[in-house]
Structure formats: C-alpha cells, structure tokens
Amino acid sequence: MLAFNKLRLSGFKSFVENTELPIELGLTGVVGPNGCGKSNLVEALRWVMGETSAKQMRGVGMEDVIFGGTSNRPPRNNAEVILTLNNQDRSAPAQFNDADELDVSRRIELDKGSNYRVNGADVRARDIQLLFADSATGARSTALVSQGRIGALINAKPKERRGILEEAAGITGLHSRRHEAELRLRGAETNLERLDDILVTLESQLAGLKKQARQASRYRNLSDHIRKAEATMFYLLWTHAEKYSFEVEKKLVDTSSQVGELTSHAVHAAKQHTECSALIPNLRQKEAEAGAKLHRLRVAQEGLEAEEQRLCNATGQTISQLQQLESDMKREREFAGDATAAIEQLTAEISDIETSRERETKARLTAEQDLSRANQIVGEIENRLMHLTEEVAGVEARRTSLGRRIEELTQQQKRLQDRAGSIADQRSSLEAESPGAEELNLAERELQDHQSRLSKYRHQLSEAESAKAEAEEKSRISVSVYHEAQASVTELQTEERVLENLLSTFEHDLFPPVIDALDVTPGFEAALGAALGDDLSSPTDEAAPLHWRTLPLFLNMPQLPQGTQSLSEYVIAPKALARRLAQVGVTETDAQARAAAPQLCQGQRLVSRQGGLWRWDGYTISSQAATPAATRLEQRNHLAELRANLADLKRAAAEAASRRDKAREIDLNARETEQSARKYVIETEQALEVVREKLTIVKERATQHSSKLSAIIEAKEHNDLDIIDGLQAIDNTKQELVGTPSPNADRLQINKHREELEQQRTNQIACRTSHEGLERRALERNQRLVAITDELILWKRRQSDSSRQFESLESRYKQLKVELERLEAAPAELNVQRTTLLEALDTSELQRTKAANNLQAGEIALLEASKKMRESETALAGARENRVRAEGAVDQSHQTCLSISERVYDKLSCKPEELLQISQVDPDKNLPSLEMTERRVERLNRERETMGPVNLRADTEAQEMQEQIDSLASEHADLVAAIDKLRQGISELNREGRARLLASFKEVDRHFQHLFVRLFGGGQAHLALTESGDPLDAGLEIMASPPGKKLQVLTLLSGGEQALTALSLLFAVFLTNPAPICVLDEVDAPLDDANVDRFCKLLDEMSNSNQTRFLVITHHRMTMARMDRLFGVTMSERGVSQLVSVDLQKATELRDIA
C-alpha cells in the first residue's frame, strides 16, 4: 500500500508561500482559529488526488483555488500542490512502479487549466485517479471525513447510504457500468433494427440499379449515332466557313491599295498645315511678352498705392506706442519709491526683535531648571507609590485565591459524597441483575435452525439462477429467429409496395390500358413488349379515342416460319389482340430469329425471348433495347411471385413469434422463480441476522454486566481516595490563608503618598506652563525674523527689477522717436515714383496692341491650311474604314472557323481534320445538306432525351451497393454477437456485485457493532438492507440503541449520538477496506468530553494497528493532547496562512530526559 509522506503547497488558496506538511505514522493534528485556512490543507489533498468539481473546492470555477491577492500582496497566476508517496513496496500501477518515491503534482494557471505530473512526467487526470483508487483512497474517499460528510450521511436516504457499502466492497462504479452496458444493449438492438431496414432498402435499390444499367447501354448506343451525325454537321459547317474566309481576304487586298493613294494626298496637306503652325508660336510669344510687361507695370502701380497706405498706418501706431511708453515709465518711478520705503521699515523691525531676544534668554534658562526639579520629585513619588500598590495587590489576590480554593474543595467534597451514594446504589442494582444461561442456549439453537434453512434456500436459488440463464438463452435465440423472419417479411413487403406503386400508374384511368388485362407466361415478358411496344398502352374500350377494336381472325392466315411458335400460346389476352398475336412468332434465341426473318410474310414479325424484334419489312430492334412494356410485364409477374413468397414468409414469421412468446413466458416464469428464491434467501438471511443480533445481545449483556460491575467497584475505590485527598487539601489551604499577612498598614502609606503626589504635580504643571510660554514667544520671534528677512529680499529684488524695466522703456522710447521721423519723410519719395510709373504704362499699352494684330493674321492663315488637311483626312478615313471592315470580315471568318473548331473539340474532342473519319462519310459522293444533318442530330438528341435521366454509373454503383450489402450483413452478425455478449456481461456484473456487496455488508456490520459499543460504552446497533430484495437496489438503514435507550433509526437520535453512530459506520467501512490516509476534519465538534476521550482512544488503537496515517483537524483540547505531532495554522497577515509545527512525542521525551 502506498504511504503518504508529505504535502507541499504553493499559491493554493491562502497558502501563498511554499508550505510543507509532513504526514508521518501515527496521529498528526492541525489546529488554529476559525477562518485561518485549516480546511484548505484538506482541500489541497483532495485537489491533488484528482478532484474535478469546483463546488467541492468551495469555488465557482477551478481557478478560484489560486491565491487571489490581499491589500498587501498581489494575486498569483498559478497554484501547485505536490504529494510525496512512498512506493518501496512497489504497489503503484506498472507505469509508475519503477521508483521508490513518487511526487504527484497538480499545477493550474490562469486561463490555461491544470496539468498533472508524476516524478516530472506529464500524465492524465484519469491516471492519477486510478493511482489513488488502487490504494483505496481518492478525492471522494470515505477516509476523508468532515462534519459535512457526517451530516450528509445522517440525512441521507437509505439507498443513498448504500454507496458506503459499495465503496467498502470495491464496486463503487457498478451501477454506472451496468447502466452504461444497458444503454449499449438498447443502442445495439436499435442499430440491429435499423440495419435490417437498411438491408431491405439497399436490396430494393440494387434491383433498380440493375434496370438502370440496361438503360445505360441503350443510352450509349444512341450517343454513338449522335456523335457521327454531329461530326457530319460540323464537317459541313467547316467547309462553308473556309470558303467564306477566302472571299473576304481577296476584298481586303483591294481596299488596302486605295488607302495607299489617299495617304499621299493627306501628307501634302499636312505639310502646308505644319508650315503655318510653325509661325504661330513666335507671334504668340511676342504678344504674351508685351502683355506680361503691361501687367507688371500695373502691379507696381497697385503696390505703390498700398505702400502709401501702409506708411500712414505705421505713423499712427508709432505715435500710440510713444504715449503708452510715457505712462509705463511714470508707473515704474512710483514703484521704485515704494520699494525704498518698505526696505527702511523692515530694517528697523529686525533691530527691535534682536534687542527683545537678548532680554528673554536668561528667563528661559531659569524656567527650564524649575521644570526639571519638579519632574524629578514627581517621578520619585510615583515609583514609591507603584511599589506599595503592587505589594498590596499581590497580598489581596493571594488571600482571595485561597478563599476561592477552599470553597471549590468544599463543593467537590459534597459532589464526591453524592457520587459515593450513587455508586453504592448502582452496585446494589447490578448485583441484583444476572443474565440466565437458558436464554443463551435457546438463542444458539434458533441460530442453527436458521442456518440450515438458509443453506436449503441458497441451493434452490442456485437451481433457479441456472434455469433462468437457460431460459434467457432460449428466449434470445427465439427473438433472433423472429427478427430474421420479420426482416425477410419487411424486405418483401417493401419490394411489393414499390412494385404496386410502379404498376398503379393507370389504375384510376377512365380507359385502362390493355397491358393490365394480359397474363404472360414468365420469361416471355420481353418478347411481348418487343412485339406490341407502345400499343400495349392503348385500351380495348371502343369509347376511347385511341383503342383496340375486336375483329375476327383471318380465314386464310399465312403460316409463321418453320421452327417458331405463335406468341398467343404464351399470352392470355383479350380477343382484340388475337389477330396481332397470331402473326407474331417466338424463338428461344436471337440467332434463331435472325435466321428465320427472311421467311416472314407481309404483316408478320418475329421476337426472341430476350426482347429482339424482326419485322417483315426489315425493321429490326436488338434485344439490348428494353421496352417499358416488357419491364412492366416483368414487374407484374415478379409481383405475383412476391405475393406467393410473402404469404409463406408471414406464416413462418407468425410461427417464430409464437415460439418467441412461449420462450419469453418461460423466461418470465424463470425470473419470477429466481426472484422468489432470492427473496426467501434474503428474508432468511435477515432473520438469521436478527437471531445473531439476539445472540450477540445476550452475550454482550453478560459481558457488559461483568464489566460494569468491575467498573463500579473501581470507581468506588477512586472516589474514596478523592474524598481523602480533598479533605487534606482543605486543611492545607486554610493554614496557608491564616499565615498570609494583612495589607491594611500598606494601604495607609499609599494614601499618604498619593496626597504628596497631587501637590507636586500642581507645582510641576505651573513650571511647565511658564516654560512653554517663554518657548512659544521665542519661537514666534524667530519665525517673524525669518519672514522679515524674506520680505526684505523680495523688496530689494523688486527695486532692482523696476530699475532695469525703466531703463528698457527709456531705450524703446528713443527708438520710436527715430522711427516716427523716418515715416514723416517717406511720402515725398512716393510722389516721384508715381510720375515715372505712369509714363511707362502708356508706352507698354501701344506695344501690346501691335503684337495682338500680327497674331490674329497668322491664325487666319492656319485655319485655311487646317480645312484642306481635314478634307484629305476624311477621304483617307473612309478608305481606312472600308479596309477595317474587310479586316473585320477576315477576322470574323477566322473566328467562325475557330469557333467551329472549339465546338468540334468540346462536342467530339477532336480536330476538324478528323471529322470525316468520325462521321464515316465519303466526301467524293453527294453529301447530305446541312439542314438535313441538323434535323437528324436534333431527332437523335430528342430520342435520347425521351429516355429521361440515365445513370451511366449504374454498373459501378450496383457493384458498390452489393459490396455495401455484404459489409452490412457482416455487421449484422457482429451486432447479434455483441448483443449476446452485453447481456451476458450485465448478468455477470449483477452476480458478482451481489456477492461482493453481501460479503462487504457482513464485514462492515461486524465492525460497526463492535465500534458502536466501544464509542458509546455499551448499547447495541446493527445495519439492515431495506426497500428491496435485491442487494444492488436495497437501501442501508442504521439501527442504534445507545445505553439506556430502545432500538431506533439513526435520525431519531440526538446530535451527538448521531455523530458517534455515523463515525462508527465510517470507521467500520475504513477497517473493512483500509486506506493509506484518513483525514478527520473537526468531526469531534459535536461530542462532549467523555465521547471525545473514547474517540481519541479508538484513534490511538487504529493508528497502532495498521500503517494508516491520520490527519486530524480539531479545536478540542483533549484531541490536541492525544496527537503525536501538532501543526498550527496562523494568519499573522490578513488573507495569508502560515504553518508552524510541534512534535509532542519528541517534546515529551525531552521533558522526561530533563
């Protein structure tokens, strides 16, 4: 069995720092105040063992186990828990069994999920769960006990408690596995039914595909004729296109020569136009230069006017700035005078403060000395008063403690006396009771009787189970036979419906076709269809517009060719068809019909059984071309055959159903017999348990009587000793109280010191007030001195800034004066510039007018040359258009040839040169016209389209479907075998589960009875299976009788009794199937001291009797005291848990050594 060595946490919930919890042999206790994180250790253990429910971790999502941060610490983004296991006995699964120690770790990161590792290698969560499940532990193990687990066990329904027995028996997952197997069984049976339907459907589709394959053959023959006709048509189109192409190429040569002549005329006109155009740019340049010069002079005139306006505005602004500077200079002179006055005033105040500070220095020294003497006197008096007060308090506390001790000892003596009387009464009562030997012998004889009856009923149950298995096998075989028969019936019914739908086309017509009145010998359907063809769709009713008319036979009817027989011998038809059928001969093969065809007389025809037709005039239809009439006749004959076979299959299915019902009835009777036998066995076992309980109660009563009497005698001895010790303690305490001195004299001395202390404190306060006043005034003077100094520096800085500002304003004032003089002299210069500019404008106007006149004359000459050039170009354009049209016609002819070539390739996948070979026509002979060829192609295409949709892959699909049917038939057999195997597996699961659960129940009940008596110090209890005769569906009821109470169910007990009873059951399961670790989370909370003592003794025995390691979380001092080692969980920092340890066993050893 794996041993748990230690648990390491990092970032898990409140354990933000790396924390290690050793888990050693014996009892390990964990203590701490509420909310400090003790339960987080248990949750870390469950989490690393594979817990997947965030709710079990007290969170909304699994990422809630990561430390979320506090006001002083940031949150973590991951958490990790590592559990170290000892594997020296090599009990781990094979994949982990190569190491002496296993480190099982689980790590979770935000938004990434968690992963598991064993010794650093990644593993699945399922591997971790199996690792711990093989060691009888895990995240949901019974060995992890909390108050919530105890409460859930108390409030659970009996069937919910059965899970505890299943865990003890090791069949926890039996119900889920059995349910899964039953679901698989139902799914397999459903799949079998679906498979039968699919097989029927596929076989029907296969028959259709074979018919489609025959149609595809005819389709290919038509396609070959169409290909030849299309090749002839395209050959004619190609020859016409080549002839037209030769004619348009000749026309192109003539138009090209005309374009050459007109081009030379156009070149001469273009030359004259170019000479005129060459003169225009120079004239335009001169006109543009004259215009630009005139424009520049006008812009200069506008600039001169703008400059005159700007000078006027600048003069006004300069005068305004001079006025503002005069005002600023006046203000700066006033500010300099204020600064000088303030500096003189502050300098005088500094001198006064220095004089006052020298006078008060001596007064401060005197006040400080007086305060120091007063503090010293008060301190000495307070020390003397404190020592006296402590001495008086110690004396009074000692006298009070001794008085209280005397009262407690007196009360204890009274209780001991009362207990002595109670013990004497209990001893008298027990000595009067004595269990009899006759009752014990009667219970043993009754036990033997029930055991013999149980053996008899178990033998009957074994025989009933064998009969039930045999009946189930027969029922399964009969059901399988019935399913096969029913599948065959369904297949034929489906095919019958399909044929009826196909044959019901004319069922509701006013004039039903004659084909529905025919009776054809099987095998001659194709012959009749070829002989009459579409004529079979006409009715015999003469009221129809198209009908068969009944006529008498010819008297001298020509004989059919030798070796043939009349079709009328194989067809029973209305008299209207007698003439036609009498002149139709039938042969067995196509070869016979071809040989006899030349002997046919006028109006006669021959048909073969394969569907070929040879008419007297030479018209022939091959046997490969199936006709709709022949197909319909074959379907009618096949339908009649189906109906005959269907009747036989229905009778066989009815017989199989009868055999199935009988087998099911036998199976049901066998099940009832088996259930009845099992019921007798269970009832006898329960009665046997009652007898055993009765015998156990009698034996326990005798044992309890003896143990109780011994306990009472021992209690009397201890009580007498306690009375003697109590009397001695009272005497010693009284003597000690008498020897303790009285504190009255010390109290007087204390009052005297207090009066003196009040006087000295008054003097101390006066000295402190005087000293503090002097200090305060000195501080105020120093602060004022600092403020004055700062103000003095500020005013000096302002005086300096004002002086600099005045100098700057004065310099600016002088500059503006100079600028104003310059502006007043500028207008005279502008008048001279204006006169010169006006003269230049007049001269430029004359030059621009002359250049414009020259340009206009040159443009008129250019227009004349342009007109002549356009006329030449127009004539040339017309000639070129004619050439372009000729080129277009050539291109069109080439495009037509190319288009025909592409159509030939698209349709026939060949070149035009190969068309003659494909069409198989002789070009030297008279070729058919294009119109006739197109009509033939159209007729053949129409005939092919009349066939409707044709599946050209019918042969391939039929082969694939046959393979699919064969595969499904194999799957059908596999499904039948799987269903048998599932049924057998469910039976084996139930049988093994019952046996293991009953064995576990007996073992758990035995441990439970023993532990109940141990924890309660008496009483009796037992477990019972209720609510069902089958142990797998039964509930678990807990019957308990604490000492002095009657036998009753768990829910009627008090809270503490319920907790002890539930603990007894959990420990019983634990003893039946021990785990490597047992965690008890505050399970002793509802128990009193006496029950906690029994609980701790039981833990000691269990820890010493096996290798299980116990981890106990508790608040109870008695439980803490029984631990081998103790760990404390503290929260010195809010939201952060820490672990401290004390090994109590080593501490005790060290104390004994000391």
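The values are calculated or read from the model by the stated rules, or taken from the named source; none is laboratory data. Model, not experiment: these values are computed from the prediction. All Cβ positions, even for glycine, are placed from backbone atoms using ideal geometry, and neighbour counts span all protein chains on display.
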Leading residue by the ranking (surrounded by the most Cβ atoms within 10 Å (Cβ to Cβ)) among those in the range 103-129 that are of a type in the set (A, V, I, L, M, F, W, C) and under 16 Å from Met62 (Cβ atoms)
Ile128
So which residues in the range 574-600 are farther than 14 Å from Leu613 by Cα and in contact with a Lys or Arg (Cβ under 9 Å, 6 or more places away or on another chain), if there are any at all?
Ala576
Which condition does His1022 not pass, out of (1) assigned to a helix (DSSP H, G or I); (2) of a type outside the set (Phe, Trp, Tyr); (3) at pLDDT 85 or above, if it passes all the others?
(1)
The residue from Arg754, Arg768, Arg761, Arg776 that alone is without any contact (Cβ under 8 Å) to a residue 40 or more places away in the chain and under 25 Å from Ser372 (Cα atoms) is Arg776
Does the range 64-75 contain any residue that is of a type in the set (Phe, Trp, Tyr), buried (at least 18 other Cβ atoms within 10 Å of the Cβ) and assigned to a loop (DSSP other than H, G, I, E, B)?
yes
I'd like to check which helices (runs of 4 or more DSSP H) are fully inside the range 1043-1147 and have at least 1 residues that are among the small types (Gly, Ala, Ser) and at pLDDT below 85.
1055-1072, 1089-1105
Test: Leu371 is surrounded by 13 or more Cβ atoms within 10 Å (Cβ to Cβ), closer than 30 Å to Gln759 by Cβ and touching a Cys at 6+ places or on another chain (Cβ under 9 Å):
yes
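Yes/no per residue for (1) part of a helix (DSSP H, G or I); (2) surrounded by 12 or more Cβ atoms within 10 Å (Cβ to Cβ); (3) out of contact with any Pro (no Cβ under 9 Å at 6 or more places or on another chain):
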| position | (1), (2), (3) |
| --- | --- |
| Lys286 | yes, yes, yes |
| Glu289 | yes, yes, yes |
| Lys293 | yes, yes, yes |
| Leu311 | yes, yes, no |
| Ala314 | yes, yes, yes |
| Glu326 | yes, no, yes |
| Met329 | yes, yes, yes |
| Asp338 | yes, yes, yes |
Can you tell me which condition Asp617 does not meet? The list is (1) under 30 Å from Gln215 (Cα atoms); (2) assigned to a helix (DSSP H, G or I); (3) of a type in the set (D, E, K, R), and all the others hold.
(2)
With the first residue restricted to the range 18-29 and required to be more than 12 Å from Met1123 (Cα to Cα) and without any contact (Cβ under 8 Å) to a residue 60 or more places away in the chain, and the second required to be of a type in the set (Ser, Thr, Tyr) and assigned to a strand (DSSP E or B), Cβ contacts under 6 Å at 6 or more apart or on different chains are Asn18/Ser10
Kindly indicate whether Ile697 is assigned to a helix (DSSP H, G or I), at pLDDT below 75, surrounded by 15 or more Cβ atoms within 10 Å (Cβ to Cβ) and within 60 Å of the chain's Cα centre (by Cα).
yes
Qualifying position, being exposed (fewer than 13 other Cβ atoms within 10 Å of the Cβ) and either of a type outside the set (Ser, Thr, Tyr) or farther than 30 Å from Glu203 by Cβ (or both), among Arg885, Arg942:
Arg942
Just the residues that are of a type outside the set (A, V, I, L, M, F, W, C) and either assigned to a strand (DSSP E or B) or surrounded by 15 or more Cβ atoms within 10 Å (Cβ to Cβ) (or both), please, taken from the range 76-85.
Arg76, Asn78, Glu80, Thr84
Checking Glu302 against (1) closer than 30 Å to Asn831 by Cβ; (2) surrounded by 12 or more Cβ atoms within 10 Å (Cβ to Cβ); (3) of a type outside the set (A, V, I, L, M), which single condition isn't satisfied?
(2)
Among the residues of the range 221-228, is there at least one that is over 60 Å from the mean Cα position of the chain (by Cα) and over 30 Å from Ala958 (Cα atoms)?
yes
Quick check: is even one residue across the range 451-458 out of contact with any strand residue (DSSP E or B) (no Cβ under 7 Å at 6 or more places or on another chain), surrounded by fewer than 17 Cβ atoms within 10 Å (Cβ to Cβ), at pLDDT below 75 and hydroxyl-bearing (Ser, Thr, Tyr)?
no
Residues of the range 771-793 that turn out to be over 19 Å from Ser351 (Cβ atoms) and either aromatic (Phe, Trp, Tyr) or modelled with pLDDT of 80 or more (or both), as a count
0
Please verify whether the range 203-217 includes one or more residues that are within 21 Å of Glu902 (Cα to Cα), over 48 Å from the mean Cα position of the chain (by Cα), of a type in the set (Gly, Ala, Ser) and surrounded by 15 or more Cβ atoms within 10 Å (Cβ to Cβ).
no
What pairs come out if I take residues in the range 205-224 that are in contact (Cβ under 8 Å) with a residue 40 or more places away in the chain and pair them with residues that are hydroxyl-bearing (Ser, Thr, Tyr) and in a helix (DSSP H, G or I) whose C-beta lies under 9 Å away, six or more apart or interchain?
Lys211/Thr631; Arg214/Thr631
Unique residue being in a helix (DSSP H, G or I), of a type outside the set (S, T, N, Q), closer than 17 Å to Ala241 by Cβ and without any contact (Cβ under 8 Å) to a residue 60 or more places away in the chain when the list is Glu931, Glu963:
Glu931
What helices (runs of 4 or more DSSP H), lying completely within the range 508-612, carry at least 3 residues that are over 23 Å from Glu641 (Cβ atoms) and touching a residue at least 12 places away in the same chain (Cβ under 8 Å)?
578-582, 590-596
Confirm whether Asp122 is modelled with pLDDT of 80 or more and more than 30 Å from Val489 (Cβ to Cβ).
yes
